[in-house]
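The values are calculated or read from the model by the stated rules, or taken from the named source; none is laboratory data. Source: prediction; values computed, not measured. Glycine also receives a Cβ, built like all others from the backbone with ideal geometry; neighbour counts cover every protein chain displayed. These accessible areas exclude ligands, DNA and RNA; they are computed on the full protein's heavy atoms, side chains included. Shrake-Rupley method; radii C 1.70, N 1.55, O 1.52, S 1.80 Å.
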Amino acid sequence: MSDKDGTSRRIVLKSLGTATAFGVTLGPVAARQGVGNQGGPPGDPPGERTIEWDGKRGSEYAEWVCEPGEQACWHWVLTRGGPHQFEEVGELEVTFDDGYETSVGGWQAGNGAYHFDICRAPGGTIESAKVDVTGGGANALLTISEAECVPTEVEQIHWQLDFAEGDEPPIPPKYWPDDIMSALGDTVNGVEENPSHRRQQTDGQLNDVDILDKQFHFDDEDEPTQVTVYFSIDEDAPSRYLHLALFELPGPFDVDEIDEQEYVDHVYGEFTGGDEDSLTLDLTL
């Protein structure tokens, strides 16, 4: 699809950048003078109102989910629905069935329809959409014109977290047969497996360590920036060092690629029987 000057839709999408791709979370929306697709009397340009998507036009594109590393992008068209030009057109506000809300400004093709592109990784199901306008025709309509999958602007970096005995991790992170608790995730999907592996069978390592909830605790499961492991040591347990380490993977976890994991950072401390403590690490990749 292209606009009147022949500009490729794909180029327009690409030029939106990360901010457009992921949208802006909305706050409360003030009441409007009118809601719906109806305008004023024939020949009289309607005033300020809200045009709502009727849930039917382009509904075949409403549910669109892409592969990891891609985002779904929906192209919307707002037609005038009469001879009168739009005097003002606000941002398109879209709500998904999981409650996620986003908005984006549009662009006009000559003196014709307005176009909007909403993107979200990896996609979802659109529940409703609306845009505030002034002017335009009495039969203005909002339609999903098409949907497609495009690469995300965020580089997908896979990571692994390891909690184990010692003041520093082995590099590469080959822990077996020592005790360990691990987690996996990436910069697109966030936390994927928590834990991905847990072994607590050796005294002086993790057998006499009680890990809260038997997992890691993240500040945000979808876009984690920090991780903490909370634990307590049995009263009669000996002292030991414990560490929390971050590694970057060459791709999705593969046991045959452990040698290719790259050390990023770690924190450690010395703990003794009866201690209740934690280790916290920034997830900086």
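Taking segment 126-137 on its own, how many of its residues are closer than 13 Å to Phe86 by Cβ and open to solvent by 10 Å² or more (accessible area, probe 1.4 Å)?
So the first thing to find is which residues in segment 126-137 are closer than 13 Å to Phe86 by Cβ, and the list is 131-137.
Filter again for open to solvent by 10 Å² or more (accessible area, probe 1.4 Å), leaving 132, 134.
The number of residues fulfilling the criteria is 2.
Conditions tested, residue by residue: (1) buried (at least 20 other Cβ atoms within 10 Å of the Cβ); (2) part of a loop (DSSP other than H, G, I, E, B); (3) modelled with pLDDT of 95 or more.
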| position | (1), (2), (3) |
| --- | --- |
| Gln71 | yes, no, no |
| Trp76 | yes, no, yes |
| Glu93 | yes, no, yes |
| Gly110 | no, yes, no |
| Asn139 | no, yes, no |
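Considering each of Glu146, Glu155 in turn, give the residue that is of a type in the set (Asp, Glu), more than 30 Å from Gly269 (Cβ to Cβ) and assigned to a strand (DSSP E or B).
It is Glu146.
Among the residues of segment 206-228, is there at least one that is at positive phi and either open to solvent by less than 40 Å² (accessible area, probe 1.4 Å) or β-branched (Val, Ile, Thr) (or both)?
no
Taking the residues in segment 112-137 that are assigned to a strand (DSSP E or B) and more than 18 Å from Val94 (Cα to Cα) as candidates, determine which candidate is modelled with the highest pLDDT.
Thr134
Quick one: which of Glu257, Glu248 is within 30 Å of Pro68 (Cβ to Cβ) and free of Cβ contacts under 8 Å to residues at least 12 places away in the same chain? Steps first, answer last, please.
Values: Glu248 fails: free of Cβ contacts under 8 Å to residues at least 12 places away in the same chain.
When all the criteria are applied, what remains is Glu257.
Each row is one residue, and each column tells you yes or no for (1) over 21 Å from the mean Cα position of the chain (by Cα); (2) buried (at least 18 other Cβ atoms within 10 Å of the Cβ).
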| position | (1), (2) |
| --- | --- |
| Asn189 | no, no |
| Asp203 | yes, no |
| Leu242 | yes, yes |
| Gly274 | yes, no |
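Determine whether Glu168 is under 30 Å from Ser59 (Cβ atoms), part of a loop (DSSP other than H, G, I, E, B) and either open to solvent by 50 Å² or more (accessible area, probe 1.4 Å) or in contact (Cβ under 8 Å) with a residue 60 or more places away in the chain (or both).
no
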